[in-house]
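Novice: There's a structure below that I have some questions on.
No lab work stands behind these numbers, since they all come straight from the coordinates. Nothing here was measured: the structure is a model prediction, and the numbers come from that model. Reconstructed Cβ throughout: ideal geometry from the backbone, glycine too, with neighbour counts over all protein chains shown.
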Amino acid sequence: MASPISCLSILIIPLLVNSLFYDVSNADRALVEKICKKSMDYDFCLSIFLSDHEGLTNVLYNLGLVSTDVSLGIISDVNNGEIRNVLTRVTDPLDRRNILDCQTDIDDLYGDMQLAYNAPSTQSYAKEATYLASAQQKITKCNKRFEGPPKHESPISGNTSKITKLINISSVIVSIITSS
Ligand SMILES: *[C@@H]1O[C@H](CO)[C@@H](O)[C@H](O)[C@H]1NC(C)=O
Ligand SMILES: *[C@@H]1O[C@H](CO)[C@@H](O)[C@H](O)[C@H]1NC(C)=O
């Protein structure tokens, strides 16, 4: 059974995110909501934009830069902090090898995300979409490493799923820009 604390945080975290959101102007808010509703995880998506309050505008182009910029920081933390941390606890040799290979995949996709961040400045949204697709392929490749044989539960699935969600937010923005 879930602990009372975790039940409480399930209730409180979305409230917190939403109350912070009231500081944001209506126009900005409407656009951020539109993006986040199309993303994989609405609350996670809001938290990405709210982590850079200054960068919030009602211009899609700027929101795209904010989300990719915040993502670069998180991806770096996930790879060099969280996953490195998990590695200190994992003893199974195959798991260790898969995790180390995933760290390389994530370093590579960090490069794709940097290119994706720079693409809009030259109006290259098609290129940005290509870089994001390439980043997505690399995180998929990492997840597949644990499918075996033999199949092993990924000890870093929670960590890598954050990266998938981040790539998705940037992809949602590009798809809105290129379809309007
Ligand atoms: C983002 O994720 C949502 C929910 O899983 C999905 O429906 C959508 O196609 C994804 N968007 C892009 C552009 O990848
Ligand atoms: C990611 O890894 C850390 C360990 O470094 C762990 O504590 C955390 O719960 C993991 N998952 C997520 C979703 O952050």
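Novice: Name the single residue that is nearest to the chain's Cα centre (by Cα) among those in segment 87-105 being surrounded by 19 or more Cβ atoms within 10 Å (Cβ to Cβ) and over 19 Å from THR130 (Cβ atoms).
Specialist: CYS102
Novice: For segment 90-142, which positions are in a helix (DSSP H, G or I) and of a type in the set (Val, Ile, Thr)?
Specialist: ILE99, THR104, ILE106, THR122, THR130, ILE139, THR140
Novice: Next up: Which members of segment 119-129 meet the condition of being of a type outside the set (Asp, Glu) and surrounded by 15 or more Cβ atoms within 10 Å (Cβ to Cβ)?
Specialist: ALA119, PRO120, SER124, TYR125, LYS127, ALA129 - these are the residues of segment 119-129 that are of a type outside the set (Asp, Glu) and surrounded by 15 or more Cβ atoms within 10 Å (Cβ to Cβ).
Novice: Somewhere in segment 89-98, is a residue farther than 23 Å from VAL32 by Cα, hydrophobic (A, V, I, L, M, F, W, C) and without any contact (Cβ under 8 Å) to a residue 40 or more places away in the chain?
Specialist: No: zero hits.
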